[in-house]
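J.: So that we are looking at the same thing, I have put the structure below in structure tokens.
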Amino acid sequence: MAKREIQEINAGSMADIAFLLLIFFLVTTTMDTDTGLIRRLPPPPDPDRIDEFDVKKRNVFEVLVNANNQILAKGDYIQVTELRAKVKDFIKSDPNNPTLPEFKEEEIEGLGLFPVSKQIISLQNDNGTSYDMYIKVQNELVGAYNELRNEFAQQKFGKTYQELQQQAGASEKAERQLDAVKKVYPQRISEAEPKKIGGAE
């Protein structure tokens, strides 16, 4: 009795089908991208340029965050919830107070000569600072600037800073006003490279 032959499956086109499926999934799949922090890094320094910086201590608000997520702001230990108010007071400043930043008269379109604080916020994190605390501190610093800009824009132009941002693309007037607000309260956050500040053993 003759043996019955087993029929083989033709797998010649399987590679083509797998390739087509791969192309299909690559074309139709969307991937979420992390936007990260909204920070614009400075351009690389010009090796031929020599800058001399003379920043007075009174113009700098130093924020240190240690490995235990404790915040030392201008020499005082504070909670992260207290940071925004302290930074706002420093940025607004008082030219007659020798412990607060100096002012410089600057020509600002629509406002004429206007006193602008020479303030700088200096942030230094420890290598052991948690990412969560880092984000909270950043939010408070940026929030302080945004609140001051909001208050100023509302007072001078009858609109919030956010409203001016939304209208800036369509309105030349709003763009000029937005630029004026930014010049009155320039966001100056200097972030040093993380190092061992202390806290954790």
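The values are calculated or read from the model by the stated rules, or taken from the named source; none is laboratory data. Note that this is a predicted model, so its numbers are computed, not measured. When we count neighbours, we look across all protein chains shown, and the Cβ atoms used for this are built from the backbone with ideal geometry, even at glycine.
J.: Are any of the residues in region 138-155 among the basic types (Lys, Arg), part of a helix (DSSP H, G or I) and within 16 Å of the chain's Cα centre (by Cα)?
T.: Scanning region 138-155, I find at least one residue that is among the basic types (Lys, Arg), part of a helix (DSSP H, G or I) and within 16 Å of the chain's Cα centre (by Cα), so the answer is yes.
J.: Considering only region 97-128, state which residues are in a strand (DSSP E or B) and in contact with a Gly (Cβ under 8 Å, 6 or more places away or on another chain).
T.: Asp126
J.: Just give me the residues in region 169-184 being over 17 Å from Gln154 (Cβ atoms), within 22 Å of the chain's Cα centre (by Cα) and small (Gly, Ala, Ser), in sequence order.
T.: Gly169
J.: OK, next. Could you give every pair whose Cβ atoms fall below 8 Å, whose first residue belongs to region 179-201 and is assigned to a helix (DSSP H, G or I) and surrounded by 15 or more Cβ atoms within 10 Å (Cβ to Cβ), and whose second residue is of a type in the set (Ser, Thr, Tyr) and modelled with pLDDT of 70 or more, counting only separations of at least 6 or pairs across chains?
T.: Cβ pairs passing all conditions: Val181/Tyr161.
J.: May I pose another question? Just wondering, is there one or more residues in region 23-30 that are part of a loop (DSSP other than H, G, I, E, B) and either surrounded by 10 or more Cβ atoms within 10 Å (Cβ to Cβ) or at pLDDT below 85 (or both)?
T.: yes
J.: Could you pull out the residue among Leu148, Leu164 that is modelled with pLDDT under 90 and not small (Gly, Ala, Ser)? Let's see the steps before the verdict.
T.: Values: Leu148 fails: modelled with pLDDT under 90.
Sole residue among the options that is modelled with pLDDT under 90 and not small (Gly, Ala, Ser): Leu164.
J.: If you check Ala67 against the conditions, is it assigned to a helix (DSSP H, G or I), over 16 Å from Arg188 (Cβ atoms) and among the small types (Gly, Ala, Ser)?
T.: no
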